[in-house]
Amino acid sequence: MTYTVRKPGSRRALFRHPEFGWIWSRPNLATELTLADAEEMAKKLGGTVCRDGQPLGVTKPKKPKFSTEKAPGERDKVTELKALMAIGDWPSALKKAARFSQLGDERDAIKRGWEACARPELFRQMRRDPGAIREAGIAALKRRFWK
């Protein structure tokens, strides 16, 4: 097991520089030592012996455990999307789905469908039918989320 020496009251750690010898430096440059060497250097230089960045005898605080359950009335994104699809609000459903990061094979069709709803003139300038692109996006949305 390796140990390091840290300067009390700062984040500095003991580092053996090739030219200047022992210096207090950034924690990521800390020189790893054996326990006996670390205790000797800490005594000489007024430092604290540390293992894994924590002073000896101090334990790392435990990570808090957060609940993964939803609060009453809280809905997730997919539930909101399905609600929009159920009432037939396709522009809003395409807009919400286009922002999802994992859309699978239907990703491009859904994103193009939303763009056709938001900017139909752009697709007309490219001589594409925005209505057909929008319908293709809706069909992809149904394939992906309407089961």
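Every read-out reported here was derived from the displayed coordinates using simple, explicitly stated rules and does not represent laboratory data. From a predicted model like this one, the values you see are computed outputs, not experimental measurements. Here the Cβ positions follow ideal geometry from the backbone for every residue, glycine too, while neighbour counts run over all protein chains shown.
Find all pairs meeting these conditions: Cβ atoms under 7 angstrom apart; at least six residues apart or on different chains; first residue within region 126-142 and surrounded by 14 or more Cβ atoms within 10 Å (Cβ to Cβ); second residue of a type in the set (Phe, Trp, Tyr).
Pairs found: 130/123; 133/123; 137/114; 138/90.
Give me the residue from region 72-88 that is of a type in the set (Asp, Glu) and surrounded by fewer than 10 Cβ atoms within 10 Å (Cβ to Cβ) and, out of that set, farthest from residue 147 (Cα to Cα).
Among residues in region 72-88 that are of a type in the set (Asp, Glu) and surrounded by fewer than 10 Cβ atoms within 10 Å (Cβ to Cβ), the one farthest from residue 147 (Cα to Cα) is 74.
Got a sec? Which of 132, 109, 118 is within 19 Å of residue 85 (Cα to Cα) and touching a Gly at 6+ places or on another chain (Cβ under 9 Å)?
Answer to the selection: 109.
Being of a type outside the set (S, T, N, Q), under 32 Å from the mean Cα position of the chain (by Cα) and closer than 30 Å to residue 15 by Cβ is the requirement here; does residue 80 meet it?
So residue 80 does not fit the description; no.
Name the residue, out of 109, 116, 98, 93, that is over 29 Å from the mean Cα position of the chain (by Cα), small (Gly, Ala, Ser) and surrounded by 14 or more Cβ atoms within 10 Å (Cβ to Cβ).
Answer to the selection: 116.
Quick check on my filter: what residues within region 18-46 are touching a Ser or Thr at 6+ places or on another chain (Cβ under 9 Å), of a type outside the set (Ser, Thr, Tyr) and assigned to a loop (DSSP other than H, G, I, E, B)?
Result: 30, 32.
Quick one: residue 56 ticks every box in (1) surrounded by 12 or more Cβ atoms within 10 Å (Cβ to Cβ); (2) more than 30 Å from residue 38 (Cβ to Cβ); (3) not small (Gly, Ala, Ser) except a single one, so which number is it?
Here residue 56 meets the rest and fails (2).
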